[in-house]
Amino acid sequence: MERRRLLRHFGFQVGRFPSGPNDSLTDVPGVKVGHSTIIEGTGRRRSGNGPVRTGVTAILPHDDVYMERIVAGSHILNGAGEVSGLIQIQEWGLIETPILLTNTLSVGRVSDSCVKWLSEKYPDMGDLYDVVIPVVGECDDSFLNDAVGRHIKEKHVFEALNTASTSMVPEGSVGAGTGMVCCDFKGGIGSSSRVINVDNNPFTIGVLALSNFGRIDDLRILGIPAGRKLSGSFAAIKKRSDNYGSIIVVLGTDLPLSTMQLIWLCKRAALGIGRCGSFAAYTSGEIIVGFSTANKVPREPQAAIQQFTLMLDQFMDDAFEATIEATEEAIINSLINNHDMVGANENFVPAIPVDRLMSVMHSALG
């Protein structure tokens, strides 16, 4: 499928800031993203036997994040979800492992596999160096996937980590997004970026979203209640009825920010989620993790005092606005770069009908 963008293909722009060359999280220099996708079987769900519609997505902030840790922050809009390692991020304000995304019941296995991957890369871990708590976020893909079967294996985690690249991020039903549903349409992975100028220098804010929230009437695109306008054609399709799903957002930037400033950006990403129609329902885990690659915190410092660059608080407004824009567009991209999927129990989730969506938007916006 050709990778579609609102502005390039359909004439609509989210906000006022330009995107980076890939319009992806990987526009932040050094950031890599990789996927492992598992699609196997059809028919009724039999625990342990499928059907399988799931995967793993890996985000590497830079090539040596274990030895050269980076400043991080987070925000929990609604806590009906899990990101392992989040307490350490909140305590230290640092990330020292890749960030991985998967389905709810595979967090433990993905974390364990990441530990093995890191220990092979750093054999002195646990001896000369500290052990780690990998950062692993989840959303529930059980409407389409035999989630209880726990089909994620070590090889899938290694594949996502080892194939991570700085190329534009594949979107839709890939990696952790394979079995996800967003507002009753096929959701999953979406990404976007924005470039702002600070002191006449360009800086990038990139977002990757794992979209799995909401119901069709919730969906809003560029302020238009698009879900309600499309819902009549999908009234007869079986929909998940016992939860509102979740969303995990990973935000990266090369702006030189403190932990508190990254927390502020994560809070603005929550506004971007809200623009797409989420009201952070009771069963919807909505968690944002952010990092800056500008300053490294060495595991083996040469001195007790380190010097870092830092952006002043009063100049943060453009970054706030750009973060909201990139988050909103990342969620939209997860929908428009997707396809129909049939999964466990023959549950069918349609891709959003892009041509009809664009007709609705042109009619509303002119």
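Derivation of every value follows stated rules applied to the coordinates shown; laboratory data play no part. What you are looking at is a predicted structure, and each value in this text was computed from that prediction instead of being measured. Please note: Cβ atoms are built from the backbone with ideal geometry, for glycine as well, and neighbour counts cover all protein chains shown.
Highest GNM mean-square fluctuation among Gly290, Gly41, Gly50, for the chain modelled with Cα contacts below 10 Å: Gly41. The lysines within cross-link reach of Lys153, meaning a Cα-to-Cα straight distance under 28 Å and a gap of 8 or more places when in the same chain, are Lys32, Lys116, Lys121, Lys186. Each listed q (0.15 Å⁻¹) maps to a log10 I(q)/I(0) for segment 1-108 from the Debye sum over equal C-alpha point scatterers, namely -0.96.
A full extension of the chain between Thr42 and Glu2 corresponds to an added length of 11.8 nm, given 0.36 nm per residue minus the alpha carbon distance. Dipole of the chain computed with +1 at Lys/Arg Cβ and -1 at Asp/Glu Cβ about the Cα centre; of Asn212, Thr323, Ile196, farthest Cα towards the positive end is Asn212.
Gyration tensor analysis over the Cα atoms of segment 235-335 returns equivalent ellipsoid semi-axes of 34, 15, 11 Å (largest first, whole Å). Counting Cα-Cα pairs of the chain in 20 Å increments starting at 0 gives whole-percent bin shares of 32, 58, 10, 0. Normalised by 2.2 N^0.38 Å, where N is the number of residues, the C-alpha radius of gyration of segment 67-164 stands at 1.12.
Stretching Glu91 away from Leu128 to a fully extended chain increases their span by 11.1 nm, per 0.36 nm per residue minus the current alpha-carbon distance.
Each 10 Å bin from zero holds the following percent of Cα-Cα pairs in segment 116-214: 12, 32, 30, 21, 5, 0.
Every pair of different Cα atoms in segment 195-279 enters the Kirkwood calculation, which places the hydrodynamic radius at 15.1 Å. Report the calculated FRET efficiency for Asp112 and Val342 (r = Cβ-Cβ distance, R0 = 35 Å), to the nearest 0.05. The value I calculate is 0.65.
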